[in-house]
Amino acid sequence: MAPSYLIAGCGYIGSALGDYLHRQGHAVTGLTRSPDSARLLSESHGWPVRAADLTDPGALGAIGDSFDAVVHCASSGRGGAEAYRAVFLDGLKHLSTAFPGIPIVFTSSTSVYGQTDGSLVHENSPTEPDRETGLILLAAEQFVMRLGGTALRLAGLYGPGRSVYLTKLLDGTARIETGAVNRLLNQIHRDDAVSAIATVLASPREKVLGQVFNVVDDTPLTQRECYEGLARHFGLPVPAEAPPNLERKRAWTHKRVDNARLKSLGWSPRYPGYLEAVEHDPGLIDSCRPRA
């Protein structure tokens, strides 16, 4: 029989992952907080989505337990530390209690790396985030690892309907950061993040359980290179310069994230770099254009 997967969180990544696995013939069940969202997602995607709040320890008892793996890819809803703790750390604890012994794959973030020196970072590099949210993600990773699960550190997500840099360039709000250092951007297309999760799920357990994997493309860009490349592509002026926003939700970091460990499983990105995706993914451009 084909493996069966529970996807806890059916947002930007979870719904695309469910579609991918469903097309591959796997049994997929999704979880989302709202009953209305669960109904609409089930109708539109063709695989069952159940309503359950991960932050409620009693909400998962009726889901069943015939799964080969659980994928936690729920979102904090742009919340702060309190939301992070409830959704990520508490949510993982509730999943582990409801589904004992079932491997958990947790989608974390490369924001757990705090490097600012432009160095190459891999899974064994120091993780010293300077935001409380990053520390909570790190604690959630450590919890999953103690259970023998897998943590995936996703770089900045973009794809259809979502690209901070492209949206800002097209709506005229983009600014190139001034200063002695132009920080490196590490990104991953949504479809490549989905294929990475699927690769981990399909890999022999001895290769992935208890492991951390960076999920990032092959071509980090500086912020300046990113905006200059976008400007060339669209025939638009290069954005003006402005001081960096050091109070942004994600810490100001400058690092080059390595993906060699993930590639050792046989994964490779469809879009090796952000500018290649802009050139070859028409859905990305169309969905990010300003609406009249």
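The values are calculated or read from the model by the stated rules, or taken from the named source; none is laboratory data. As the structure is a computational prediction, the values presented were derived from the model and not from experiment. A quick note on method: Cβ atoms are made from the backbone with ideal geometry, for glycine too, and the neighbour counts reach across all protein chains shown.
The residues of segment 1-18 that are crowded, with 24+ Cβ neighbours inside 10 Å and assigned to a helix (DSSP H, G or I), listed by number, are Gly14, Leu17, Gly18.
Quick grid of which residues meet (1) under 18 Å from the mean Cα position of the chain (by Cα); (2) under 30 Å from Glu82 (Cα atoms); (3) modelled with pLDDT of 95 or more; (4) among the aromatic types (Phe, Trp, Tyr):
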{"residue": "Ala240", "(1), (2), (3), (4)": "no, no, yes, no"}
{"residue": "Ala251", "(1), (2), (3), (4)": "yes, yes, no, no"}
{"residue": "His254", "(1), (2), (3), (4)": "no, yes, no, no"}
{"residue": "Pro272", "(1), (2), (3), (4)": "yes, no, yes, no"}
{"residue": "Glu276", "(1), (2), (3), (4)": "no, no, yes, no"}
{"residue": "His280", "(1), (2), (3), (4)": "no, no, no, no"}
{"residue": "Asp286", "(1), (2), (3), (4)": "no, no, no, no"}
{"residue": "Ala292", "(1), (2), (3), (4)": "no, no, no, no"}
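Scan segment 75-83 and tell me whether some residue there is within 29 Å of Pro3 (Cβ to Cβ), in contact with a strand residue (DSSP E or B) (Cβ under 6 Å, 6 or more places away or on another chain) and not acidic (Asp, Glu). No, segment 75-83 contains no residue that is within 29 Å of Pro3 (Cβ to Cβ), in contact with a strand residue (DSSP E or B) (Cβ under 6 Å, 6 or more places away or on another chain) and not acidic (Asp, Glu). The set of residues in segment 109-128 that are of a type outside the set (Val, Ile, Thr), touching a residue at least 60 places away in the same chain (Cβ under 8 Å) and buried (at least 21 other Cβ atoms within 10 Å of the Cβ) comprises Ser111, Tyr113.
Scanning segment 94-119 for residues that are more than 20 Å from the chain's Cα centre (by Cα) and not small (Gly, Ala, Ser) yields His94, Thr97, Phe99, Pro100, Ile102, Thr116, Asp117.
Per-residue answers, yes or no, for (1) in contact with a Pro (Cβ under 7 Å, 6 or more places away or on another chain); (2) buried (at least 18 other Cβ atoms within 10 Å of the Cβ); (3) of a type in the set (Ser, Thr, Tyr); (4) assigned to a helix (DSSP H, G or I):
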{"position": "Ala180", "(1), (2), (3), (4)": "no, no, no, no"}
{"position": "Asp192", "(1), (2), (3), (4)": "yes, yes, no, yes"}
{"position": "Cys226", "(1), (2), (3), (4)": "no, yes, no, yes"}
{"position": "Pro237", "(1), (2), (3), (4)": "no, no, no, no"}
{"position": "Ser268", "(1), (2), (3), (4)": "no, no, yes, no"}
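A Cβ distance below 9 Å, combined with a sequence gap of six or more or placement on separate chains, defines the contacts here; from segment 255-269, residues that are in contact (Cβ under 8 Å) with a residue 60 or more places away in the chain reach residues that are part of a loop (DSSP other than H, G, I, E, B) and aliphatic (A, V, I, L, M) in the pairs Val257/Ala155; Val257/Val216; Asp258/Val216; Leu262/Val216; Pro269/Val216. Where residues in segment 201-224 are in a loop (DSSP other than H, G, I, E, B) and either hydrophobic (A, V, I, L, M, F, W, C) or in contact with a Ser or Thr (Cβ under 6 Å, 6 or more places away or on another chain) (or both), which of them is nearest to Leu120 (Cα to Cα)? In this case the residue turns out to be Val216. Here Gln211 clears all of (1) modelled with pLDDT under 95; (2) in contact with a strand residue (DSSP E or B) (Cβ under 9 Å, 6 or more places away or on another chain) except the condition numbered (1). Confirm whether Val181 is in contact with a Phe, Trp or Tyr (Cβ under 8 Å, 6 or more places away or on another chain), under 25 Å from Asp117 (Cα atoms) and at pLDDT below 95. So Val181 fails the test.
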